[in-house]
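The values are calculated or read from the model by the stated rules, or taken from the named source; none is laboratory data. Since the model is a prediction, treat every value here as computed from it, not as a measurement. Neighbour counts run over all protein chains shown; Cβ positions are idealised from the backbone, glycine included.
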Amino acid sequence: MNARRVQVPSLLGDGAVRRARTPPRRFLFAVPPLTGHVNPAVAVAAELARRGHKVAWTGHRPSLEPLLRPGSRIFSTAGDDFGKRLPAVWDDWLGLRGLAALRFFWEEFVVPLGHSMMPGVEKAIDRFHPDVVVSDQLVLAAPVAARHRRLPWATSATTSAEFTRPLAGMPKVEAWVRDLIGDFQLDHGIDDLLDLRFSDHLVLIFSTGALVGDTSFFPGHFAFVGPALGRPAPAAFPWEWLDGRPAVLVSLGTINGPAGERFFRAAADAVRDLDLQAIFVAPPGAVAEPPPNVLVREYVPQLKLLERLSAVVCHGGHNTVCESLSHGLPLVVAPIRDDQPVIARQVEAAGAGISVRFTRVRPDELRAALTTVLADGPHRAAAGRVRDSFASAGGAAEAADRLEKLA
């Protein structure tokens, strides 16, 4: 045998294989004044900034500033008149349900917001010179402004509900929504109409097929990246209160109205005699005389807290559902409105939770559902499968990869 050794040179060099560095780019995020629609974008923007890219925001400044990192660059776009109307719009909207709520949401919020934001978004683009515009599905102005300037734009889809065609059973209502989107484009000088909720360049969906269902028929530029986690968690929490018993979170999100107080009372009665601890995210006074095993906090560091929990009771908000499932936590879902019934059906279809009625739930019904998902059985196993799917999808890092390629 020839003992001679020949060193074969490596074409990749002597060090570890490194990911090619993308030249710095500029990304403008356009978001509505809705916390749930901003939070996933915050995580993606943070990942882009970590990679050396420039990021800026455009939207309603008073709503944005508390949700962004200090020093974030914001171009205010929602007009003062629209901003002053927001509290009244929310109050009126909370009193509606079903098709009345849908009609009001589009006619009194989405479309007026688009018209109000249009001049500011155009100014933001002209001042920031982004390589890519990232627009939330509810911001009609950003895709139109990007198309005017021939810029690539991506959709940030912070709920997966639209991808199940929730209005398919009501074709006239579905057509009415599309007509509103078409009229908005015509009003701003575009007659080559698109559905502005779905970019023809890139659509980022913060979920996966494990929750949404079959995704094989979607076009290749529809990217199911899973939840984008990592938003700021400024709220303090008395961690010493947790004593080692199973702990559950009870949360109804940021907008739920007076009906939430009835649900919280029912939830307090449901957990009163159970050997567990419950953290209620509720405004002061929403739970009068809570039992000893219930802690009421107006704000919690939710992502950090989920690491210590065994289950979650929530309203079906997409962020809370996906954050919970990212930790493999089974759910009890009490959908209130809008996309929440769709998300609740996805949770049940995935086997990861149980739905209950929000307005009429009884303490015994809620107790039974919570006891069932807390058991180490099928719901927990299904939540684990969704968790694994989310982890494989890549989240904020995968979304950033896709945006870099678009730039």
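Just for the range 79-97: of the residues that are crowded, with 16+ Cβ neighbours inside 10 Å and under 21 Å from the mean Cα position of the chain (by Cα), which one is modelled with the lowest pLDDT?
My answer is L94.
Return yes or no: is V332 at pLDDT 95 or above, in a strand (DSSP E or B) and closer than 14 Å to R380 by Cβ?
yes
Kindly evaluate A228 against the criterion of being of a type in the set (G, A, S) and either surrounded by fewer than 20 Cβ atoms within 10 Å (Cβ to Cβ) or under 21 Å from E107 (Cβ atoms) (or both).
Criteria not met by A228.
Show the residue pairs that are 6+ apart or on different chains and have beta-carbon atoms under 8 Å apart, the first residue being within the range 275-288 and closer than 10 Å to L242 by Cα, the second being among the β-branched types (V, I, T) and outside any strand (DSSP E or B).
Listed pairs, sorted by first residue: A278/V271; I279/V300.
Tell me, which strands (runs of 3 or more DSSP E) lie completely within the range 184-302 with 1 or more residues that are more than 18 Å from the chain's Cα centre (by Cα) and within 25 Å of S326 (Cβ to Cβ)?
It comes to 247-251, 277-281, 294-297.
Only one of (1) modelled with pLDDT of 95 or more; (2) in contact with a helix residue (DSSP H, G or I) (Cβ under 6 Å, 6 or more places away or on another chain) fails for D339. Which number is that?
Result: D339 passes all but (1).
Residue by residue through the range 100-114, note down the ones that are aliphatic (A, V, I, L, M) and either over 20 Å from D195 (Cβ atoms) or in contact with a strand residue (DSSP E or B) (Cβ under 8 Å, 6 or more places away or on another chain) (or both).
A100, A101
Residue-by-condition table, conditions (1) over 25 Å from S216 (Cα atoms); (2) among the small types (G, A, S); (3) in contact with a strand residue (DSSP E or B) (Cβ under 8 Å, 6 or more places away or on another chain):
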site: R149; (1), (2), (3): yes, no, no
site: A154; (1), (2), (3): no, yes, yes
site: F163; (1), (2), (3): no, no, yes
site: P166; (1), (2), (3): no, no, no
site: V173; (1), (2), (3): yes, no, no
site: D179; (1), (2), (3): yes, no, no
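Results for (1) modelled with pLDDT of 95 or more; (2) within 18 Å of the chain's Cα centre (by Cα), shown as yes or no for each residue.
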| residue | (1), (2) |
| --- | --- |
| N2 | no, no |
| P9 | no, no |
| L12 | no, no |
| R25 | yes, no |
| H37 | no, yes |
| P40 | no, yes |
| E47 | yes, yes |
| S76 | no, no |
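For every residue, the table says whether it meets (1) part of a loop (DSSP other than H, G, I, E, B); (2) more than 16 Å from the chain's Cα centre (by Cα).
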site	(1), (2)
R337	yes, no
E348	no, yes
I354	no, yes
V361	yes, yes
R367	no, yes
S392	no, yes
A399	no, no
L403	no, yes
